[in-house]
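Please read the structure below before turning to the comments.
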Amino acid sequence: MGNVDYGEIIKKSFFMICAFYLMFISFGVMKYSFTLLGGGFAEELVTAAHNPFIYFFIGLLGAAIFQSSSAVTSILVGAVGLGQVSLDDAVFVVMGANIGTTVTSTIVALSYIDNKSVFMRALSGAALHDFFNIFVAIILMPLELTTGFLSNLSQIIASSFFSTDLPIKNAHFRGVGIGVDTMIDHLFSGMTGHPFVLLGIAILMMIFSLKLIGGMTKEVLMTKSKLKAEDFVFKNDFVSLISGLSLTAVVQSSSITSSLIVPLTASKKIGLPRAFMFIMGANVGTTITALLAALATGTEYGVEIALTHVLFNVIGVIIFTTIPILKKLPVWYSKKLGYLAARERIFGFLYLFTLFFVLPFILVWVST
């Protein structure tokens, strides 16, 4: 194995983290420019005519554009509070947003496109996040359509919070976060009149950060070393699940933690089944902050919406960890997708734009 230069690995790991941070800043600038260009577009979308499938694809498209299901949920809470959207409809937006937010890891996987075998593993790792949310939506969407399962259950749980004398309305909650939105406000607040310039800057930043991520992860992870992530974070299925939940609860974004999985699967440091457990934990972890923030607002509809997000992911984890044949499905489909993309690398781009942008936009446009 030879001697390991831990100092060099730490230095390169630091630069890799900076590259990821730059990528998320670019996503934030892109979101900011879309907000300036679109004005009240997002608010108008969520007031569309009652149609569960429209709401589902609005959530998917919105989260894909804004790189965050939290942004969509924030708009949703306001819309429900004003009576523009019912909780029954909001559930379908949450389902769609859960899928749309997975676009980030798919974009990261594209940074490995220059090497077929590595790209196959990277895209397979990224697709685990997609397929988990897609399959959970396939299972729970018909149940919600026929029985109102998620919306009714969230209302029952939320009512218990508001039937007590706990001073929820006076609570204060501040997330730790990574400060991306604050930094963007400081750096680009003077460019509100130039949204297209901001969009161009965001695209350049994203391309540069993806180049850095591809280069650094290859140097850090694709060399032989005694550092094995599976010895602690991915020791077994249960540890992987808890690690994903804990880490995501701290950084407050499943987009970040699922993106970190991509270089690990690309470099064969961890296998897809173990990565899938981590991803499921991450999906639950990302709902904790939103739930605490909703409790701090003291509004019952905010808690109900946050709870639908929690229930969607928790029920999904229970289903996929207790039914062995279902647990294998996302892994199998992710492998197949990676294989197809390795054979024809343009397939990776087609998958990204079709699933996250083209399909939802067309279906929303046709249905309205």
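Just so it is clear, none of the values below were taken in a lab; they were calculated from the coordinates. Just so it is clear, the structure is predicted and the values come from calculations on it, not from any experiment. Every residue, glycine among them, receives a Cβ derived from its backbone with ideal geometry; neighbour counts consider all protein chains shown.
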Legend entry - Packing rank of 318-328, 340-350, where each peptide gets the mean count of other beta carbons within 10 Å, highest leading: 340-350, 318-328
Inset, instruction - Filter the cross-link list Lys116/Lys268; Lys116/Lys235; Lys235/Lys327; Lys11/Lys235; Lys268/Lys335 down to pairs whose alpha-carbon distance in this structure exceeds 22 Å. - result: Lys116/Lys235; Lys11/Lys235
Legend entry - Local electrostatic count, Pro330, Cβ distance below 15 Å [Lys/Arg +1, Asp/Glu -1]: +3
Inset, instruction - Post the alpha-carbon centroid distance, the range 85-158 to the range 255-278, in whole angstrom. - result: 17 Å
Inset, instruction - Mind checking the full-extension length gain between Arg343 and Asp114? Use 0.36 nm per residue of separation minus the Cα-Cα distance, one decimal, nm. - result: 81.2 nm
Inset, instruction - Rank-order 277-285, 122-130, 51-59, 259-267 by packing density, defined as the average count of other C-beta atoms within 10 Å over each peptide's residues, highest first. - result: 122-130, 277-285, 259-267, 51-59
